[in-house]
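The values are calculated or read from the model by the stated rules, or taken from the named source; none is laboratory data. Keep in mind the model is a prediction, meaning the values are calculated, not measured. Every residue, glycine among them, receives a Cβ derived from its backbone with ideal geometry; neighbour counts consider all protein chains shown.
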């Protein structure tokens, strides 16, 4: 019995067949895109994907950048956790060096894959970024309008064997959250956030309301030209606030604290905010109410702020019309043409709801700081406890404040001319900013103090009768 000879197709035949199949697939794909409705295309794609997935043992988790109205905490944790994961299998990384930092950071580039092992299980991460054309984008202060700009969606994709699903959900992802929390505390540099321009808001599928730089403010409570007792009281209040999470929950209050800093310009209100941020290691969000068009935008900005942060509204009496309604009620109204009505759309009730309404509870460990040069101009509704809990008067420079400035600028704690400086300060209204400017004029301590005394004499002569002074 003769053995049958098996005839295998030649390589040329295999290549020719594969080419024909690929060409047929491309034609079918082109015809489908041309003639099939988009909804039907998606349906067929979904069914085919589901069919192929049924033969695969791979499980896929998607972590979107946004969840609901706010950021997805797991996505933010992954940005921290995967940043130092440099593996030989990944060929492309993005290298950055943030402003005011001397350390280079390596971050994951979009559409690149990182492979790591956890409890002996292989896990494959990929940062996916897609540009999509936005059909409609909401513009602040107006209805929807047609846009041809592209927006971006980002998400992390995790692939692993399906039999490890329970371990990944119950152990691996909580582990990432804890690691990210530790990394954030170790490496955190306070950041200063400012509002993005309206156009920049809507370049993404979900608009980002803030942009940031590293906050490198030099102010500390040691360098502030304030009375020691006042500084100690502020630090104790801050310590008490950050340690009372359970207490706030117990009494049914949102974990937040409101401060009002009031006083003349140049008395150190901004420096105090910088010192608070450095003391607590909190981020700072600088909110310009004049750039907010309506109450709903104000709520979006609040939701977009992170926990452990300070939200600052400077010169609130000048930002929008929040002055005392009782005083304004007696003023005659000026008739205006409706087309010329330029009243702000951010209202007092919107600001009040922003401070202590339901929306204010969408976050933890937040401090809201308002500053003003004229506390008496503010509506009493803004000043009550629960909205502005602590009122801090930033007054003119005192003798004790001067000694701190002399130590900061000149490096001295005692000098014979201190007596004359302190005497003049008791009868002259001078701000810490003015004193600091005079001390900057000369590196020699005696010449600098003499310059300050002449400045105080001149300022005192403008508001008082000539005083008897010590000649120098």
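Residues in segment 419-426: is at least one surrounded by 15 or more Cβ atoms within 10 Å (Cβ to Cβ) and assigned to a loop (DSSP other than H, G, I, E, B)?
no
How many of the residues making up segment 374-418 are in a loop (DSSP other than H, G, I, E, B) and either in contact with a strand residue (DSSP E or B) (Cβ under 7 Å, 6 or more places away or on another chain) or within 22 Å of residue 226 (Cβ to Cβ) (or both)?
Of the residues in that region, 15 qualify.
When you go through 321, 297 one by one, which is the residue that is within 29 Å of residue 364 (Cα to Cα) and modelled with pLDDT under 70?
Exactly one of 321, 297 is within 29 Å of residue 364 (Cα to Cα) and modelled with pLDDT under 70, namely 321.
Residue pairs, Cβ under 7 Å, 6 or more apart or interchain, first in segment 367-385 and closer than 19 Å to residue 288 by Cα, second part of a helix (DSSP H, G or I) and at pLDDT 90 or above. List them.
Listed by first residue and then by second, the contacts come to 369/273; 371/269.
Residue by residue through segment 359-373, note down the ones that are more than 17 Å from residue 270 (Cβ to Cβ) and assigned to a loop (DSSP other than H, G, I, E, B).
Matches in segment 359-373: 362, 363, 364, 365.
Contact list please: Cβ distance under 6 Å, first residue in segment 102-113 and outside the structural domain of residue 129 (by TED's automatic domain parsing), second residue surrounded by 12 or more Cβ atoms within 10 Å (Cβ to Cβ) and modelled with pLDDT of 75 or more, pairs at least six apart or on different chains.
Once the first residue is outside the structural domain of residue 129 (by TED's automatic domain parsing) and sits in segment 102-113, no partner that is surrounded by 12 or more Cβ atoms within 10 Å (Cβ to Cβ) and modelled with pLDDT of 75 or more comes close enough.
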